[in-house]
Every structure is written in C-alpha cells, then in structure tokens.
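Heads up, the thing below is written out as structure tokens.
The values are calculated or read from the model by the stated rules, or taken from the named source; none is laboratory data. Just so it is clear, the model here is predicted, and its values are computed rather than measured. Neighbour counts are summed over all protein chains in view; Cβ atoms, including those assigned to glycine, are modelled from backbone coordinates with ideal geometry. Just the protein is used for accessible areas: all its heavy atoms, side chains included, with ligands, DNA and RNA removed. Shrake-Rupley method; radii C 1.70, N 1.55, O 1.52, S 1.80 Å.
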Amino acid sequence: MKYEIELEKAFAVMENAYVPYSNYKVGACVKLKDGNYIVGANVENAAYSPTMCGERNAIFQAYSQGYRKDDVESITIVTSGKRIGTPCGVCRQVLVELIHQDTPIVLSNKTETRITNIANLLPDSFNEEDLDYGI
Ligand SMILES: [Zn+2]
C-alpha cells in the first residue's frame, strides 16, 4: 500500500497521545519530499483549550524545522475512534495555509482508510490571500 510507512508511523505515535479526558487518541505523520517523516500526537490539558491536536503538532513541528508547504508530500492522520476521524475546524484552518490544496491527507482508523485533501475538507476558506489589502 502506498501510504504504509506513514500509517505505521502515525499509529505508532498515536500511542504517545496524552488524552486523560477524552481517551481519543490521534497520531499524525507528515511525509516530506526529502524522505523525512515528522510525527505528532494529541496532547490534552485539564483546562481543555490549551489542548493540541496531533496533526497540528506534526505540521507545526515540520515548520519549526524549516520545512514549508512545497516540502510536504502528504499528511497522514489516524485515530482510535470507531469511525475515521477528520481534522477539527481549527486544524483545517491551519492546514489550508500550511499545505497545498491538493496535498494528500490520508485518514485511517485501522479498519478503514481514505484519502482526501484540504480543498475538500475546507472549501471556500478564509486564507492568507484575503489579507492582501493592496498596501
Ligand atoms: Zn484539530
């Protein structure tokens, strides 16, 4: 299968999720065109709002290491839920700016896998082009 390595890494990091409140584990793996992989898991907090999603952890880490959207080949997001989990609204807003519209987003929960992209997940988005005031 084409995304076998990414899925393996995402499911492995999913086990590191810190989710004492929801018990909903998420793992993510950003595959980079240079052959590197960057992973992230969700980390919750008793105050709830500081909670960080797995896919944001992974893509922010990639950007922190100097990678940009042209470097991202795909992002794989896996969950422990009964049905495939899709990125939350906040993550969709982040991804619409940090990856290309057609970058494959692979979603899986072990029993099912599907591939989509951020253009499908967040159509008609507000993005960086909206902030061009012509100044
Ligand atoms: Zn999210």
Please determine whether any residue of the range 62-70 is within 13 Å of the ligand (Cβ to nearest atom), closer than 21 Å to Glu4 by Cβ and touching a residue at least 12 places away in the same chain (Cβ under 8 Å).
no
Find the residue count for the range 81-101, including only residues that are open to solvent by 70 Å² or more (accessible area, probe 1.4 Å) and of a type outside the set (S, T, N, Q).
4
Looking at Gly81 and the list (1) modelled with pLDDT of 95 or more; (2) more than 11 Å from the ligand (Cβ to nearest atom), which single condition is not satisfied?
(1)
For the range 1-48, how many residues are open to solvent by 70 Å² or more (accessible area, probe 1.4 Å) and basic (Lys, Arg)?
3
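A quick yes/no check of all residues on (1) in a loop (DSSP other than H, G, I, E, B); (2) within 12 Å of the ligand (Cβ to nearest atom); (3) free of Cβ contacts under 8 Å to residues at least 40 places away in the same chain:
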| site | (1), (2), (3) |
| --- | --- |
| Ile38 | no, no, yes |
| Ala46 | yes, no, yes |
| Ser49 | yes, no, yes |
| Arg56 | no, yes, yes |
| Phe60 | no, yes, yes |
Given the criteria surrounded by 15 or more Cβ atoms within 10 Å (Cβ to Cβ), within 13 Å of Glu55 (Cα to Cα), in contact (Cβ under 8 Å) with a residue 40 or more places away in the chain and within 16 Å of the ligand (Cβ to nearest atom), does Ile118 qualify?
no
Filtered residues of the range 65-80 (kept if surrounded by fewer than 22 Cβ atoms within 10 Å (Cβ to Cβ) and in contact with a strand residue (DSSP E or B) (Cβ under 9 Å, 6 or more places away or on another chain)):
Gln65, Tyr67, Asp71, Glu73, Ser74, Ser80
Pair list, Cβ under 6 Å, 6 or more apart: the range 80-95 residue of a type outside the set (Ser, Thr, Tyr), other residue within 8 Å of the ligand (Cβ to nearest atom):
Pro87/Glu55; Cys91/Cys53; Cys91/Glu55; Cys91/Arg56; Val94/Arg56
